[in-house]
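The values are calculated or read from the model by the stated rules, or taken from the named source; none is laboratory data. Nothing here was measured: the structure is a model prediction, and the numbers come from that model. No Cβ is skipped: glycine too gets one built from the backbone with ideal geometry, and neighbour counts run over all protein chains shown.
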Amino acid sequence: MKLLFDFFPIVLFFVVYKTMGLYAAIYAMIGATFVQMMVGRYQNGKFENTHLITFSLLIVLGGVTLALKDPAFVMWKVSVLYVVFAVALIASIYIGKKTILQRMMGKELKLPDQVWVRITWLWGLGFIGISIVNAYFVKVALAARQMLFDNTSIDPKIELTSIDCKTTAIESLCNEALTTEENWVNFKLFGTMALTILLIVITVIFISKHIKNKEH
């Protein structure tokens with residue numbers, strides 16, 4: 001349930017993008033992230049740092065995208081967010097007595113400090129990996145978008161989903177730009193979720209092995 005709750009704004013972004021376009025999807029994600037943040041505040045009695053960071057970056061980069069009609073800013077937000085999380089996790093290994101993960105889950109899981117450090121490295125490097133994969137999709141999508149606008153008279157501020165590629169001078173460039181943007185949106189939901197689940201599975205396997213060894 002926690003995983004679904006965390007991915008709720010991204011799921012909504014995906015649905016709205018497919019039905020109403022990118023800019024409407026950004027508004028929807030901002031609203032959903034705000035709701036997510038307030039629900040977390042109600043449930044835990046305080047705001048979660050991850051929600052605050054996500055919402056702040058979304059307001060800034062999403063706001064710039066909406067103001068300039070340039071999707072690059074909101075696209076790069078995913079990489080920036082995961083790098084911030086990764087830096088925070090890895091830094092917690094060297095700063096303070098406990099890592100962030102140990103402070104979050106230490107009451108439920110009793111593990112040696114060395115194990116918490118390894119898990120923290122796993123998630124830190126995993127988040128960096130997600131940011132790199134997102135960067136690839138962003139670069140491909142923005143390059144295709146730029147190629148389209150450089151070779152046609154289409155307004156660069158227009159949403160790609162509103163263009164009928166069959167009516168453009170260079171249909172192949174239009175289809176490429178639209179396809180690569182859709183690939184990024186698909187990765188934003190399915191890719192990040194799949195990679196996050198993979199990190200969870202690896203963590204569970206690692207922890208279960210340690211717990212079994214401890215019992216014996």
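Annotations for the structure displayed:
- Odd one out for Ser131 among (1) under 30 Å from Asp113 (Cβ atoms); (2) without any contact (Cβ under 8 Å) to a residue 12 or more places away in the chain: (2)
- Among the residues making up segment 142-177, those that are farther than 21 Å from Thr19 by Cβ and among the polar types (S, T, N, Q) are Gln146, Asn151, Thr152, Ser153, Thr167, Thr168, Ser172.
- Single condition Ile59 does not satisfy, out of (1) over 17 Å from Phe13 (Cβ atoms); (2) of a type outside the set (S, T, N, Q); (3) modelled with pLDDT of 90 or more; (4) surrounded by fewer than 19 Cβ atoms within 10 Å (Cβ to Cβ): (1)
- There is at least one residue in segment 76-96 that is touching a residue at least 60 places away in the same chain (Cβ under 8 Å), surrounded by 17 or more Cβ atoms within 10 Å (Cβ to Cβ) and among the β-branched types (Val, Ile, Thr).
- Single unsatisfied condition, Leu68 versus (1) closer than 25 Å to Lys139 by Cβ; (2) crowded, with 17+ Cβ neighbours inside 10 Å: (2)
- Residue count, segment 104-128 (criterion: among the charged types (D, E, K, R) and in contact with a Ser or Thr (Cβ under 9 Å, 6 or more places away or on another chain)): 1
- When segment 16-34 is limited to residues that are free of Cβ contacts under 8 Å to residues at least 12 places away in the same chain and of a type in the set (A, V, I, L, M), the one that is nearest to Lys77 (Cα to Cα) turns out to be Ala24.
- Of all the residues in segment 32-54, those that are in a loop (DSSP other than H, G, I, E, B) and surrounded by 15 or more Cβ atoms within 10 Å (Cβ to Cβ) number 1.
- Taken together, the criteria exclude Ile154 from residues that are over 19 Å from the mean Cα position of the chain (by Cα), crowded, with 16+ Cβ neighbours inside 10 Å and within 30 Å of Ala86 (Cβ to Cβ).
- Residue in segment 6-22 that is modelled with the highest pLDDT, counting only those that are of a type in the set (Phe, Trp, Tyr) and surrounded by fewer than 19 Cβ atoms within 10 Å (Cβ to Cβ): Phe8
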